[in-house]
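As structure tokens, the structure follows; a few thoughts come after it.
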Amino acid sequence: MESKKSSLHVLLVSFPAQGHINPLLRLAKCLASKGLLVTFSTTETIGNMMKEATNTKSSNIGQGELRFEFFSEGWEVDEPQRANLDAWMNQLRTVGRESFTELINRQSEMGRPVSCIINNPFVPWATDVAAELGIPCAVLWVQSCAVYSIYYHFQHQLATFPKPDQRDMTLDLPSLPSLEFDDIPDFLTLNPYDSLRKVILSQFKNLDKAFCVLVDSFEELERETIEVMSRISAPIKPVGPLFRSTKDASVRGDIWKAADDCIQWLGSQSPNSVVYISFGSVVSLSKEQLEELSAGLLKSGAPFLWVVKTPPADMGSKPELPDGFKKEAEGKGMVVEWCSQEQVLAHSAVSCFLTHCGWNSSMECLTSGVPVIAFPQWGDQNTNAKLLIDAYGVGIRMKKTPREKDGAAVGTRDEVERCIFKVTKGSEAETIKKNALKWKEAAEAAVADGGSSYRNIELFVDDIQRMAS
Ligand code: UDX
């Protein structure tokens with residue numbers, strides 16, 4: 001006999017970073033809306049930041065309930081060693097793991113034993129904990145299925161990847177467009193951050209032990225790649241775009257407080273006029289790039305909303321905007337440290353999104369019908385940009401060239417201006433907008449009742465119910 005949905009308890013565990021928390025928390029909300037008891041967990045340090053920024057607290061969603069419980073990694077957020085990714089991952093794998101295990105055991109003592117754990121593969125040890133405790137475990141892959149395929153082929157040596165001195169070589173994988181050097185995640189080619197490469201490849205360590213690999217994508221977007229990868233690795237269930245899967249926007253997982261006044265400001269701007277610029281939560285732009293970007297924005301004459309975020313300590317320093325920029329920008333644009341991006345992208349005043357193409361931002365703009373200026377910086381962002389521009393046709397890619405005065409490789413001010421014009425008013429603008437709206441509709445259909453992602457979530461809940469019986 002199947003267990004009742006309300007007696008099922010799903011525990012999600014997220015790597016403590018914004019780009020991971022968002023999709024995991026969105027999945028948590030989606031499962032709670034199906035009538036399940038759902039607990040979201042990450043480290044205490046990040047949990048405290050979430051509480052401070054968004055007043056995170058347990059709530060009822062639809063027929064279900066969403067709770068929050070955090071585990072300790074034994075370090076404060078400003079612990080100097082945390083800036084060393086190897087040391088931090090080790091701390092999570094040891095101290096974090098122990099405290100996470102206690103968290104699970106506590107659930108049984110409180111009369112709500114965990115029926116299923118969902119981790120994101122940046123914390124592969126959660127799968128081992130699940131196995132030790134005899135709890136079924138699934139994973140949520142938080143990037144595209146295309147990137148899953150690329151990493152998988154690299155990890156299992158199923159394809160030849162170009163070396164740094166083989167820039168003319170392409171990478172050709174089943175179902176993907178031919179990838180040039182700059183379209184491939186650079187962890188696999190140039191390897192700019194060795195520690196991050198290790199973490200990225202460790203994602204496959206325990207993947208075959210999961211009973212299901214969920215992915216924040218949707219069938220209509222990546223059908224062939226999903227089919228190919230389901231055949232050669234584990235069965236993949238696309239359940240995205242997760243940010244569209246419940247209408248409940250009251251629970252958010254921001255680590256930083258969003259500036260509310262930018263939404264009011266957007267309300268004062270003409271429809272389809274504002275350029276939105278954000279590089280996610282970890283990317284750091286060079287001083288030269290900030291100079292060019294700010295000059296290009298002013299040159300374009302378009303109103304703009306720009307998120308200028310200080311990256312984590314090990315990824316870069318506090319961004320310094322050129323002297324006098326804020327004064328010059330008065331009345332033309334707004335600079336904030338963090339905003340509610342979902343709300344911004346849904347706003348009718350926004351005309352386009354200049355983005356680093358993190359997968360969350362890619363899914364959010366693609367499914368909000370907002371044209372893109374792609375300016376990837378590293379990792380999967382390179383491949384996401386390729387897909388957004390060449391496969392989905394929703395924008396253009398901003399080129400980097402050496403600056404005349406000092407040779408720094410940047411998207412120059414002229415290039416910034418050219419891209420803004422091209423994507424909003426140029427001869428291709430209408431086709432780009434049409435494509436963007438087409439994907440928005442397809443995404444809405446995927447999560448609507450009976451849609452492909454909706455069905456996959458239902459099947460996933462059925463699986464948990466069966467395993468709990
Ligand atoms: C990281 C990696 O950099 C990225 O390449 C990978 O695909 C996911 O993990 P991040 O750089 O933070 O992610 O970018 P992204 O994936 O776009 O996630 C950022 C999230 O923060 C998005 O959900 C976005 O909506 C949110 N955000 C960003 C805000 O809510 N407010 C902001 O001001 C900026």
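Throughout, read-outs are computed from the coordinates displayed, never taken from laboratory work. These numbers come from a predicted model, not from an experiment. Counting neighbours? That spans all protein chains shown, and the Cβs are built from the backbone with ideal geometry, glycine included.
Odds and ends about this structure:
- For the stretch 239-252, the Karplus equation 6.51 cos²θ - 1.76 cosθ + 1.60, evaluated at θ = phi - 60°, returns couplings of 10, x, x, 4, 6, 9, 7, 9, 7, 7, 9, 6, 9, 10 Hz by residue, with Gly and Pro reported as x.
- Shape class of the stretch 266-390 from the alpha-carbon gyration tensor: oblate, with a/c at 1.5 or above and b/c at least as large as a/b.
- Rg/Rh for the chain, where both radii come from Cα atoms and Rh is the Kirkwood radius: 0.95
- Summing charges over all other residues whose Cβ lies under 12 Å from the Cβ of E458, with Lys and Arg as +1 and Asp and Glu as -1, gives +1.
- Taking the Cα centre of the chain as origin and assigning +1 to Lys and Arg Cβ atoms and -1 to Asp and Glu Cβ atoms, the resulting dipole is close to 680 debye.
- Order of D463, D78 - criterion: other Cβ atoms within 10 Å of each residue's Cβ, fewest first: D78, D463
- Nonlocal amide H pairs with E65, under 5 Å, H built at 1.01 Å: L36, L37, V38
- Estimated from the Cβ-Cβ distance and a Förster radius of 45 angstrom, the FRET efficiency linking S427 and D261 is about 0.80.
- For the stretch 46-147, alpha-carbon Rg over 2.2 N^0.38 Å: 1.19
- A simple spin-label model places pseudo-atoms 7 Å from Cα toward Cβ; at K247 and V95 they are separated by 4.5 nm.
- Ranking of M467, M89 by count of other Cβ atoms within 10 Å, fewest first: M467, M89
- Farthest positive-ward along the stretch 318-401 dipole, Cα basis, beta-carbon charges - from A346, G358, Y392: Y392
- For T94, T189, order by how many other beta-carbon atoms lie within 10 Å, fewest first: T94, T189
- Annotation: amide H of V372 within the under-5 Å range of F353, G395, I396, sequence separation 5 or more or interchain, hydrogens built in the peptide plane.
- Under 9 Å, Cβ to Cβ, from T310 - net charge with Lys/Arg +1 and Asp/Glu -1: +1
- Seen against the Cα atoms of the chain and their longest principal axis, helix 429-447 is set at about 10 degrees.
- Length released on extending from T170 to E328, taking residue separation times 0.36 nm less the Cα-Cα span: 52.5 nm
- Chain lengthening between K4 and D449 when straightened (0.36 nm per residue, less Cα-Cα): 158.1 nm
- The trypsin sites (Lys or Arg not before Pro) of the stretch 245-303 that DSSP puts in a loop, and whose beta carbon has at most 16 other beta carbons within 10 Å, are K247, K257.
- Gyration tensor verdict on the stretch 1-77 (Cα atoms; rounded if a/c is under 1.5, prolate if a/b is larger than b/c, oblate otherwise): prolate
- Site pair S58 and S270 shows an inter-label distance of 5.2 nm when each label is modelled 7 Å from Cα along Cα→Cβ.
- Placing +1 on each Lys and Arg Cβ and -1 on each Asp and Glu Cβ, with no other charges, gives the stretch 264-399 a dipole about its Cα centre of roughly 220 debye.
- Taking Cα centre as origin and charging only the Cβ of basic (Lys, Arg, +1) and acidic (Asp, Glu, -1) residues, the dipole magnitude of the stretch 381-467 rounds to 460 debye.
- For the stretch 338-469: rounded, prolate or oblate by the Cα gyration tensor [a/c cutoff 1.5]: prolate
- Think of the chain as a dipole: +1 on every Lys or Arg Cβ, -1 on every Asp or Glu Cβ, centred on the Cα centre; then among L196, P136, N90, P136 lies furthest on the positive end.
- Rounded FRET efficiency, nearest 0.05, which uses the C-beta distance separating M110 from W378 and R0 of 56 Å: 0.85
- Net length available on complete extension from A391 to L158 is 81.5 nm, with 0.36 nm assigned per residue and the Cα-Cα distance removed.
- Remark: the stretch 130-135, residue by residue, has Karplus-estimated 3J(HN,Hα) of 4, 4, 4, 8, x, 10 Hz, where x stands for each Gly or Pro and the curve is 6.51 cos²θ - 1.76 cosθ + 1.60 at θ = phi - 60°.
- Phi to ³J(HN,Hα) by Karplus 6.51 cos²θ - 1.76 cosθ + 1.60 over the stretch 380-388, Hz, x for Gly, Pro: 4, 4, 4, 6, 4, 4, 4, 5, 4
- Stokes-Einstein D (µm²/s) once Rh is taken as the Kirkwood radius of the stretch 173-267 over alpha-carbon pairs, at 10 °C in 1.306 mPa s: 93 µm²/s
- Taking the longest Cα principal axis of the chain as reference, the axis of helix 452-468 is set at about 30 degrees.
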